[in-house]
Structure formats: structure tokens, C-alpha cells
Amino acid sequence: MTATVGQQAQAAARANDVWKVYGSGEAQVVALRGVSAEFERGRFTAIMGPSGSGKSTLMHCLAGLDSVTRGTVAIGETTVTGLGDAGLTKLRRDKVGFIFQQFNLLPTLTAKENILLPLSIAGRKPDPAWYDTVIDTVGLRDRLDHRPAQLSGGQQQRVACARALVSRPEVIFADEPTGNLDSRSGAEVLNFLRNSVREHGQTIVMVTHDPTAAAYADRVVFLADGEIVSELIEPTAETVLDTMKKLDTPAEVGN
Amino acid sequence: MFRATLKSLLARKVRLILSGLAVVLGVMFVSGAFVLTDTLGRSFDSVFADGFSEIDVNVAAKPKVQVNEMEGEQTVAPLPAALVDRVKQVPGAASATGVVNADGARVIGSNGKVVTSFGPPQLGENWTGESELLQLREGRAPQAEDEIVINKALATAAKVQVGQKVGVLTAFESKKRDFTLVGVFGYSGDRDSIGGVNEVFFTTPVAQRLMLGEPDVFSSITVQAADGVSDEKLRDDVARTLGADFEVKTGEQVAADASASLKEGLSFFNKILLGFAAVALLVGTFLILNTFSIIVAQRTRELALMRAIGASGRQIIGSVVLEAIAVGLIASVLGLAAGIGVGALLAFLFGKLAGGLTLAGIGVPAAAVIGSFGVGLVITVVAALLPALRASRIPPIAAMQDVATPDRPLTKVTVAGSLVTGVGAVLLFLGLSGNAGGQTLATILGGVLFAFIGVALLTPLISRPVVSLLGAIFSWSVPGKLGRLNSGRNPRRTAITAAALMVGIALVTGVTVILDSAKGSISALAKDTIKAELVIAGQQGGPRPPTFDPGVLDRAKALPGVRMVDGEYGDMGRIDGESTWVAASSDIASLRQIFGAKPTAGDIDRLGPTQMLASSDTATSRGWSVGSTVNVQLTRGEARTYTISGIYESSQLTNPVTLPATAAKDFAIPQPIQGFIQLAPGTRVSDVQPQVEALLADSPEVSVADRDAFIKQQTSSLDGLLTMIQILLALAIVIAVLGIINTLALSVLERTRELGLLRAIGLRRSQTMGMITVEAVVISVFGALLGVVVGTGLGAAVVEALKDEGITDLILPWGQMGVFLGLAAVIGVVAAVLPAVRAARINVLGAIAHD
């Protein structure tokens, strides 16, 4: 990966020769083999790859959720690798937001309380102007007092997006955010994510296996067998699908 | 964060109710104990304050032998009648009255049986006239020798009317004497008795003779102060006049002292109740620990999410602990309230039982409130700490993946369990072998506690083989097999649930082993040793043992076929200044011939009027040998010097010290308590028994029984004790049952999807319920089995330690153990009802779609 040389100062997240090995001996699985990548500030990047390619592992390592076997990971100016629990907690509070496939809202809290949960955990007050902007962007103003069970899947995921956005993290990691949604709700959520990048300069890194979802990104990085094998700038669903097809038949893949 | 915690708490209130209930029950025990003893204490205060309200100053002799509440009623030595005049002369004394007031006046009811008071004394007194406090309700004052008046409550209990002949046994006459009831009195405020005390008033000479044993003596002198003289001044003046040999107190002081001595007994009672509360709370701790562990496990994803969006480990611990505090607080409040109710109810029952003790208002002492909240909060928070710690270790990544909680190896917990069990065993050994340096009880209790916790830690390891073995019984059916596999699925959870039941069952089993062994050993010894075919004795219904007319002894001796008759007397005496239980036998030869005593020194077959026998243990510990002289002070009379003329081998059936029969007249109870009759060879018991029965017609407190019946009757007090302990420990078992219900309910919740799947592929509702029931039964029987084994071990250890005290036979209550295991199976079935119904009602489609 050399495409982003010279933009280091702009990188919101960076992986440098990252290896991740699970198990040992015969049961050893190498999930990542020397991955180096940078994710520019203010851009929407998708990580794609067939299942087992290591795309989720890469994201977990980038987000500091999983430790790396070798190499370093940095978010903004913070080197994640080697941080202790307190450092990681601070990192998650200040620099990282998450959106999950399963939404992961607390069923006992209302939408509003769910959105403000990260701030209340960190003991901070929301910036009212930004909070209003976020609520309006996700279009949930009339649903704020509802519990997750009273919301549709798309609405729940929008609440989860708002929760990730409200603390203005350096980077938001989205793990198959449309995986549990029908195509219309999925499109809504993706549009919303793209808008938050274009309009508010948010950085988003999204793991997906859906070419349509990847097409919403500014850039797609392809992983296979734990290595970055390809990359697309300004992708469309077709170009993504083509690249994916090539990945399924490794012999045809060319760099 | 705070808000999120409270909201999640509210959302899961149902599952917390059960664990909270455990705390509620434990706290209820604590606050109930305090409320009960406080209420009774204040009731006694007011009873005594009332009883002594008309006395300004009271003069009594110093007691010759001090006895505490545990040893029996204090008997004071009489005062010479002449002292009354001396007191009257004291300036400031308006009047002085000699009062006879002694325990042991027992009225025979119209049914021919002695009216008992179950605790309060039965006073025999001299009539000194009516007062503001005491008023005749019917009839008149006693004037002739054979006339009495009694209080209304006693008249009601005895079902006797004014004008009737009433039989009375007195302190110095255990042969029924008939009196004419000429009056019935009551107290101000329309009370029929004060504190359930039964009272009989005689004329003064009769009271002196029958209650004090000699003419012209009084129990005490009550003095009224002249106008303008304070009680305290009068007291000091009287004390100065009389000198140091007398106890001169104001009425208030007398009331306070009397009340204080009763409260000593109450505080002992309080400690026992608190001990049982501790057991209940220990079991509750297991339950809370388990509930919180399960809740934390179920909330893994939620907690991981919290971590992922920035919560620190400390915040997670905080949220779980906060939850615990909330549960603990609510449970403490409820427990306190329930305890006040229970305490009030028990106080009410006690008041009824004690013959109408007028209860002071139910109060909530500070100790009840502090104890409740302290115990409730501390227990809950301590129990939640471990799960909280585990919660803080959940990795945030668990929010994204189904992190299968790996089956953590049991090595650590097993090593810890072995260590803790080891510490428990060492403490038990030290405590039981008497090497604990004065902290014997604390060491033993600590040992038991450590042993329980250690075994609980070892339980996961044991549970695998045992549970699969137990479950094998049910493996013939598919639901049974599934249930068995489920119960072996999470060994820690199964183990803690079973361990909670273990504690209660182990304690009951242990106590049963000890008491059965004690009973068996004593019975066996008594059967081997006591060479008397018939025994005269009665059931003790209050502080004073039943007695009978000593004349019966001589008349029984004269019966054809009777070879030897012995009457046994006993008292607390002071020997060389030390309180010692002393006994006297009407026939000293019985010591050898009936009780099988063996001499180790001197002559034990004869006893002169100034000679005394001692047991070998007593002689050794006091440094006596044949020829030693000792100073003996009995309840009555002057101190006397006795020479030790013989020493007998100590056994369970021998008394520490035996005095000559003539000394018995100075005992607090100068009448025989038990009589032993040995028949000549070839005499049939059934020939003699009716004749002895006839002799006892005027001693209705006692009856004659054959030896085996007597032994049974004597050891039956142990049965009562056992039943009481079992009832109190049942609470711990109830809490453990709550634990089983809780664990199952949470497991059902956890396995909603799985249960739905099973139903989808054709498991019937009834089969689903069967599966849950098998799981419950396996867990509870496992717990009971552990309890029986641990309890037997503890009991056997104690029995072994008591070998020197005469508990020589280890008797294992196999029947009881079987009952416990059977009971556990029933408990399992009962505990499974709710969770099983819940599991059966799972909506198949919803469960599979359930996320």
C-alpha cells in the first residue's frame, strides 16, 4: 500500500505492518499478514473481503479492541499498540465510535438516553448545537422517547449512528452496519453515514461484504487471506463486485 | 451511567426479587431478634417497676450463694423477724413490713394437676393487706391457718372458686395440703397478674413455715418513707443502722436489678437468634453471588457495549455494586419491616405463653435498624463483588462477536477450595481439641465457616462426576437426559446453587449426629448403669424442677419387694468460695448399688453428718484428697466445714459433690427431685408400680415410671432442642430453595432460543417441564448429599472431641439422612414448578427468532 504516502499527518487511523496470529502449533491461524494501511481524515473507507479474509480482525485491531501480534496501530496521534486498559478506555471515550451489526442499544434506555450514553459514561455534557445537528441528520426527533423495542431496525441503527457521532470521535468504526437491515433501511443508514462524512468531516471505517454498501464509500480496501490485495477509489457497486469476483479466483488477481 | 444502572435494575426487577428475598429473610431474622428481645426487655422493666412500685426501700439478706439466670432462681436467705422493729426505729421510716415472698407455691387445679407458669415464678407470700396496686376482687383476706387468697389469673387457670378447698404444694412441703380459698385478688388497671406470676397469699405464720421453712423469719422488709424523706436518704439511713450484712435498696433499684438479671437471659437468647440469622445470611450470600454472576453473564453483550463506548473497568464494577447496594437497601428495608412484624408476633406469643405478660409497646431499637442495614448492605455488596470484578474483565470486543465464555479450568478454584477447607479443618481441630486458647467457640465457628466456603469452592470439581451419576437415574427418558446434561453444563452455577442447600442440610445433619450420639450414649450408659427398676420424676415446666414429698421415700421402702429407695436432692452451693453443683442422696449406699459408682479413694458407702464425697474429676481439679476439709455454703443456713471421706470415679451419672442427706434441708429446694427404686430379685415391676403411684397421690408434680421410660423422658429434652434447631435452620433451607428457583429461572431465560428449538423439533410441553424438573432435582439432591456428607463429618468430629465428656457412641441418623435426601428431591420438584411452567410457555416461533 503506497497510495497514501505523504498524507500521514491527515491519517485518522493507521496500521503499520500489522500481524495477528491466533493459537499456536497446528491450530495456528494467521488472520493478518503484515497489513499496512492508512485511513484519511474526513473520508469514508470500506474494508471488503470474503469471509475469513481478516477484515473484521483488521477493524478490531485498528479500534484497539484486539491486540496485535506484531506491528503498530495508531489513531490520530495516539499509538494504540501497547496501551493499557486505562489508556484504551480513554481512547474509546475520546477518539473512537462504534456502530454494530446488531445495533447494540440498551433495551432499558430510551433512544435519547442511548444516544447520550457515551457522554454520560465519560461524565460530559453534550454540545447542544451538535446534538441538534446529529438528531436532525438522523431524523429521529419524534422518536427520542421511544425504547429500542418500539423502533424499527433502521431506526435503531440510526440511533446507534447518532450515538457514535454525538461525541465527535476521531474515527467511527462500523461493523457490517447494514447486515441486519432490509435494503431500504440499509440505504438510509448508508446515505446518512456518507452525509456525515461529506457535511461534517467525520471519518468512518466500515467493514462490509455487501458491494452495494461499499459503493457508498470514498475508497474500498480489499483483503484476502489477511493481506491487502486491492483498492478502489470512488467505487461503484459494479467495480466493487468485479474486484470481489477476481478475489474469489485468486489466480486472476493482479496488483 | 448511574441512570443506566438504575434503569437496567428496574428492568430486571423480577430476577432480583428472588435474590433480594434471601437478604430480606436474613435481615428479618436479625431485626426480629432485636425487636423481640427489646420488647420483652421493656415489658419486664415495666413488670418489675410495677411490682416494686409501692416499695420505697427494701431490706434483704445478702444471698449466700449467687446464682445467675442460667443456673436458676436466686433464693435469698431469710431475715429474723426482730429486724422489722429495728428498721421501724430508723428516723424517716413511716412503716416497715416483714414480707414472705418465695418461689415454689404450686396450686393444684381442679383437674388434679399442678398449675404451671412456664417461666415466671410461683410465689408464696404472707398477706399484708390491700394496696393501691393489689385489690381483692372477691372474698376476704386470709385469717385462719388454712385460708389462702390467690390472684385472678391463677384462679382462672386452676378453675377454682372462692369457698372451695384448694390443694397447694409449698417450698417446704411437696405433699399436697388443702386450704380454703377465701379470696381472689387482682391488680390496678384490671390486670389479673403481673407478668404471668402466680401468687398464693397465706397468713404470715403459715407463709413463714411453708415457704421459708422456719417461724419468725421474713424474705425481706419493705419500708415506707415518711413524708418529706427521699427514698435514697431513707435507704442510706437504714443501711447505716443495719450494717453491712444486708442489701438495702430503693424500690427502683430492686426493680432494675431484677429486670437486669432477666435481661441477661434475654441477651443470651438474642445471641442464639443472631447465630441462626448468620446462617441464613451465609446461605443468602451464596444465592446473591450466584444471581449476580448469572446476571453478569447474561449481560455480557451489554456490558461489553458499555466498555466499547468508553466505560472504564471501574465504572462497570461501580454499576454492578450500585445494583447490589440498591438491592441490599430495598431488601434491608423490607427485612427490617418483616422483622418488626415477626418480633412483635413472637413477643405476643411469648406474652401469652408466659401467662399474660403485659407487653410494653413494640419498639424498634437502634440495634435493629443498624444491624439490618449493616448486615443487609454488607452481605449484598460483598456477594456482588466477585461478579462485579468478572464483569469488569469482559472485553469490549464481546459486543461484536458471540464470545463463547470459555469453560475456564477449575484448577484455581479447586486449589483455593482445598486451601480454605484445610484452614477450616485446622481451625476445627484446634477448637475441638481445646487448643484454641480461650477462643474455643469462635475457633470452632470459624472452622465451620471456612469448611463450608472451602467445600463450596471444591463443589464444581465434585459436581461433574456426582451430578452425572445422580442424573443417570433419569437418563431413561430424553427429557431426563437433557435435564441431566443441563445440570452438568455450568458446574460453577450448579455448585453454588447446591452449596447453598448444603449449608442448611449440613448444619441440621451435624446437629442431629451430635444430639443423637449424645442421646444414644447417655441412654446406653444409663441403661447399663442405673440399677433401679422404677423412677419417680416429673416434667419440668418452669425454672423450678418438680419435687415430691420425701415421706414417699420411706413408705416406698416399706413396700414388699422393694430393696432400696433413693431420693436425689440438688443445689448450687459455694465450696471454698467457688460455685459448685452439690447433690445429696437420701440413701448413700445407692451411689454404688444404683448408680454403679466405683470408689477411687476412701469409703463411699457411708457418709457422716460432716463428711462429703467428691467425684474424681472434681477432686483432681480442686486439689482434694481424702481427709481434705472444705467450707460449704448452701442457699440457706450457715457455712459449714466438711471433710472429704471418699472419692468416686467420675461418670456421666455422678455428681461433682455428694453431701449427706441432712444437708438437703438447706438446699434452695429442700425436697427430692428424683427418686430411684430398686426391686428385690424376682419382683415384678408391674406389682410395685401401682403401689408407688398410690403413694404419690399427694405429690401431683411427679409420677413413677419404669427405668426405660424415665431415660426416654430425660433425653426427650434433647428431642425438643433438636426440633427447635431444625425449625430455625429450615429458614436457611428455604433460602436455598429460593436459590434453586432463581438459578433455574435464569437458566430458562438464558436458554430461550434453545428451548424454542427443542419445542420446534417436537418436545412436548410436559417433556419440557420434565426436563427442567430433572435439572432441579439433580441440583437439590446433589446439594443435600453434600450437606449430609459434610454435616456427618462435622458432627463426627464434634462427637470425637466430646469423647471425654461421655459421648462415646457415634450414632449416624441414617433415617434422617434418607429423609433429607428425599426432602431434597421434593424441594427440587417444588423449585422447578415456576421455571418449568415458564419454559413450557415459551412461544416457539418467538424463541427461535429471539435475538
Original post:
If we keep just the residues of segment B:93-136 that are under 29 Å from residue B:175 (Cβ atoms), hydroxyl-bearing (Ser, Thr, Tyr) and more than 27 Å from the chain's Cα centre (by Cα), which is surrounded by the most Cβ atoms within 10 Å (Cβ to Cβ)?
Top reply: B:128
**OP:** Considering each of B:351, B:335 in turn, give the residue that is out of contact with any strand residue (DSSP E or B) (no Cβ under 8 Å at 6 or more places or on another chain), at pLDDT 85 or above and not aliphatic (A, V, I, L, M).
**Re:** B:335
**OP:** Could you give me the residue pairs with C-beta distances under 9 Å whose first residue belongs to segment B:136-149 and is part of a strand (DSSP E or B), whose second residue is of a type in the set (S, T, N, Q) wherever it lies, and which are 6+ apart or on separate chains?
**Re:** B:138/B:161; B:147/B:180; B:147/B:203; B:148/B:180; B:148/B:203
**OP:** Residue by residue through segment A:23-51, note down the ones that are within 27 Å of residue A:236 (Cα to Cα), among the small types (Gly, Ala, Ser) and either in a strand (DSSP E or B) or more than 14 Å from chain B (Cβ to nearest Cβ) (or both).
**Re:** A:36, A:37, A:42, A:46, A:49
Subject >> Boolean, residue B:288 is within 45 Å of the chain's Cα centre (by Cα), within 14 Å of chain A (Cβ to nearest Cβ) and either among the polar types (S, T, N, Q) or assigned to a helix (DSSP H, G or I) (or both) >> reply: no
Original post:
Quick one: what pairs do we get from segment B:812-839, first residue assigned by TED's automatic domain parsing to the domain that holds residue B:482 and in contact (Cβ under 8 Å) with a residue 40 or more places away in the chain, second among the charged types (D, E, K, R) and not in a helix (DSSP H, G or I), C-beta under 9 Å, 6+ apart or different chains?
Top reply: B:839/B:751
Subject >> Yes/no for residue B:169 being assigned to a helix (DSSP H, G or I) and under 17 Å from residue B:102 (Cα atoms) >> reply: no
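Per-residue answers, yes or no, for (1) in contact (Cβ under 8 Å) with a residue 60 or more places away in the chain; (2) within 14 Å of chain A (Cβ to nearest Cβ):
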{"site": "B:302", "(1), (2)": "yes, yes"}
{"site": "B:313", "(1), (2)": "yes, yes"}
{"site": "B:317", "(1), (2)": "yes, yes"}
{"site": "B:329", "(1), (2)": "no, no"}
{"site": "B:335", "(1), (2)": "yes, no"}
{"site": "B:359", "(1), (2)": "yes, no"}
Original post:
Does residue B:463 satisfy the condition of being out of contact with any Lys or Arg (no Cβ under 7 Å at 6 or more places or on another chain) and at pLDDT below 85?
Top reply: yes
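Residue by residue, here is whether (1) assigned to a loop (DSSP other than H, G, I, E, B); (2) crowded, with 17+ Cβ neighbours inside 10 Å; (3) charged (D, E, K, R) holds:
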position: B:185; (1), (2), (3): no, yes, no
position: B:195; (1), (2), (3): yes, yes, no
position: B:227; (1), (2), (3): yes, no, yes
position: B:237; (1), (2), (3): no, yes, yes
position: B:248; (1), (2), (3): no, yes, no
position: B:271; (1), (2), (3): no, no, yes
position: B:277; (1), (2), (3): no, yes, no
Original post:
What is the one condition in (1) at pLDDT 80 or above; (2) outside any helix (DSSP H, G or I); (3) over 30 Å from residue A:121 (Cβ atoms) that residue B:311 does not satisfy?
Top reply: (3)
Original post:
Could you list, in sequence order, the residues of segment B:672-687 that are under 19 Å from residue B:545 (Cβ atoms) and either outside any strand (DSSP E or B) or not assigned by TED's automatic domain parsing to the domain that holds residue B:661 (or both)?
Top reply: B:672, B:673
Original post:
So is residue B:26 small (Gly, Ala, Ser), assigned to a helix (DSSP H, G or I) and crowded, with 24+ Cβ neighbours inside 10 Å or not?
Top reply: yes
Original post:
So which residues in segment B:200-220 are touching a helix residue (DSSP H, G or I) at 6+ places or on another chain (Cβ under 8 Å) and crowded, with 23+ Cβ neighbours inside 10 Å?
Top reply: B:200, B:201, B:202, B:218, B:219
**OP:** Tell me, please, whether a residue that is touching a residue at least 60 places away in the same chain (Cβ under 8 Å) and either more than 12 Å from chain B (Cβ to nearest Cβ) or not in a loop (DSSP other than H, G, I, E, B) (or both) can be found in segment A:62-73.
**Re:** yes
Subject >> Those residues of segment B:769-805 which are of a type in the set (Asp, Glu) and under 14 Å from residue B:833 (Cβ atoms), in sequence order >> reply: B:775
Original post:
Could we say that residue B:617 is among the acidic types (Asp, Glu) and under 38 Å from the mean Cα position of the chain (by Cα) here?
Top reply: yes
Original post:
Being in a loop (DSSP other than H, G, I, E, B), under 26 Å from residue B:108 (Cα atoms) and at pLDDT below 90, is that true of even one residue in segment B:647-665?
Top reply: no
**OP:** State all residues of segment A:108-142 that are closer than 12 Å to residue A:164 by Cα, crowded, with 20+ Cβ neighbours inside 10 Å and within 14 Å of chain B (Cβ to nearest Cβ); if no residue qualifies, say none.
**Re:** A:114, A:115, A:116, A:117, A:118
Original post:
Can you tell me which of B:431, B:480 is over 36 Å from the mean Cα position of the chain (by Cα), modelled with pLDDT under 85 and not in a loop (DSSP other than H, G, I, E, B)?
Top reply: B:480
Original post:
Does segment B:560-573 include one or more residues that are modelled with pLDDT of 85 or more, on the phi < 0 side of the Ramachandran plot, of a type outside the set (S, T, N, Q) and part of a loop (DSSP other than H, G, I, E, B)?
Top reply: yes
**OP:** Report, ordered by the first and then the second residue, all pairs with beta carbons closer than 9 Å, sequence separation of six or more or different chains, a first member in segment B:266-277 that is charged (D, E, K, R), and a second member that is assigned to a helix (DSSP H, G or I).
**Re:** B:271/B:33
Subject >> Conditions (1) away from chain B (no Cβ under 14 Å); (2) outside any helix (DSSP H, G or I); (3) more than 25 Å from residue A:48 (Cα to Cα); number of the one not met by residue A:202 >> reply: (3)
Original post:
Filtering segment A:74-101 down to residues that are farther than 27 Å from residue A:190 by Cβ and within 11 Å of chain B (Cβ to nearest Cβ), which residue is surrounded by the most Cβ atoms within 10 Å (Cβ to Cβ)?
Top reply: A:89
Original post:
For segment A:176-191, how many residues are in contact with a Lys or Arg (Cβ under 8 Å, 6 or more places away or on another chain) and crowded, with 21+ Cβ neighbours inside 10 Å?
Top reply: 1
Original post:
Which residue out of B:696, B:653, B:679 is out of contact with any strand residue (DSSP E or B) (no Cβ under 8 Å at 6 or more places or on another chain) and under 18 Å from residue B:537 (Cβ atoms)?
Top reply: B:653
Subject >> Unmet criterion (only one of (1) farther than 30 Å from residue B:776 by Cα; (2) within 14 Å of chain A (Cβ to nearest Cβ); (3) in contact with a Ser or Thr (Cβ under 9 Å, 6 or more places away or on another chain)) for residue B:397 >> reply: (3)
Subject >> Odd one out for residue A:179, checked against (1) within 12 Å of chain B (Cβ to nearest Cβ); (2) more than 17 Å from the chain's Cα centre (by Cα) >> reply: (2)
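The values are calculated or read from the model by the stated rules, or taken from the named source; none is laboratory data. Computed from a predicted structure; not experimentally measured. Every residue, glycine as well, gets a Cβ built from its backbone with ideal geometry; the counts of neighbours run over all protein chains shown.
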